[in-house]
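Asks: The structure that follows is given in the form of structure tokens.
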Amino acid sequence: MLEALTGSGLAASAGLNAYIPLLTMGLLARFTDTIDLPHGWQWLSNGWVLVILTVLLAVEVVADKVPVVDHVNDVVQTVVRPTAGGLAFGAGSSSETVTVSDPGSFFGSHQWVPVAAGVLIALCVHGVKAASRPVVNASTAGLGAPVASTAEDITSVVLSVLAILLPVLVLLGLLLLVAAGWWVIRRRQRRKRERSELRGVETERLFG
């Protein structure tokens, strides 16, 4: 079960920021003994891969904090984040960490299962993130974009670290993400009702 929690935490983190969980795993595997990547995933700790991920992360961090640009970025990331989630879940759930000593025993030979699960989890989290940003931008005249983006980046870092060091606490993080998703859905529904009522009032004024 810890393998599943580790993978889920990393995939959810990728749904918020595609590069943070991959970079976290790569750095910890290269410079510490915290995580031991399996043979098929050791490329994540390669120096050039880490440099590329760092550059991509820098671009993502800047783009996600600018109103309008953040929406375009979310559209592009609709493919990138789920892909990163699949990679993160696959690598994380197959790795030996300080809390997981026999990662192969959970998923067995079904190597596609963790990747598919990671894609699905990251896609769901990305969907909530992409849906919430227009609400934040509209309600704050764009001023809330950098604040929301920074909070998402911090959450992504925390989830990545917890997934590797204390995967049990990932459950709490996932519950908070579900609560955030519920809030976003309710908020969007309320805004739609308000716009619909406003159009109804304007129509009534025009045509009596």
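The values are calculated or read from the model by the stated rules, or taken from the named source; none is laboratory data. Treat the numbers as computed from the prediction; the structure is a model and nothing was measured. Neighbour counts are summed over all protein chains in view; Cβ atoms, including those assigned to glycine, are modelled from backbone coordinates with ideal geometry. Note: areas computed on protein heavy atoms with side chains; ligands, DNA, RNA excluded. Shrake-Rupley method; radii C 1.70, N 1.55, O 1.52, S 1.80 Å.
Asks: Please list 3J(HN,Hα) in residue order for the stretch 154-160, calculated via the Karplus relation 6.51 cos²θ - 1.76 cosθ + 1.60 where θ = phi - 60°; whole Hz, with x for glycine and proline.
Replies: Listing the rounded values in order: 5, 4, 5, 5, 4, 4, 5 Hz.
Asks: Now, a different point. For the stretch 1-73, with all protein chains present and a 1.4 Å probe, just round the carbon and sulfur fraction of the accessible area to a whole percent.
Replies: Carbon-and-sulfur percentage of accessible area, whole number: 73.
Asks: Now a separate question. Tell me the label-point distance for the pair Phe31, Val158, using the 7 Å Cα-to-Cβ offset, in nm and rounded to one decimal.
Replies: A separation of 2.3 nm, rounded to one decimal place.
Asks: May I pose another question? In a shell of Cβ-Cβ distance under 13 Å around Pro146, excluding Pro146 itself, what net charge do Lys and Arg (+1) and Asp and Glu (-1) give?
Replies: Neighbourhood net charge equals -2.
Asks: Oh, and also: Let me check I've understood the local charge: for Ala18, count other residues with C-beta under 9 angstrom from its C-beta, Lys and Arg +1, Asp and Glu -1. What total comes out?
Replies: That sum, taken over residues with Cβ under 9 Å, equals 0.
Asks: Here is a further query. Hey, rough spin-label estimate for Leu120 and Leu171, points 7 angstrom out along Cα→Cβ, what's it come to in nanometres?
Replies: Once both label points are built, they end up 2.0 nm from each other.
Asks: Based on the mean of other Cβ atoms within 10 Å per residue, sort peptides 71-83, 17-29 so the most packed one is first.
Replies: Peptide ranking by packing, descending: 17-29, 71-83.
Asks: Summing Lys, Arg as +1 and Asp, Glu as -1, what charge do residues with Cβ under 14 Å from the Cβ of Asn73 carry, Asn73 excluded?
Replies: -2
Asks: Arg190 to His71: FRET efficiency via 1/(1 + (r/R0)^6), r the Cβ-Cβ distance, R0 22 Å, to the nearest 0.05?
Replies: 0.60
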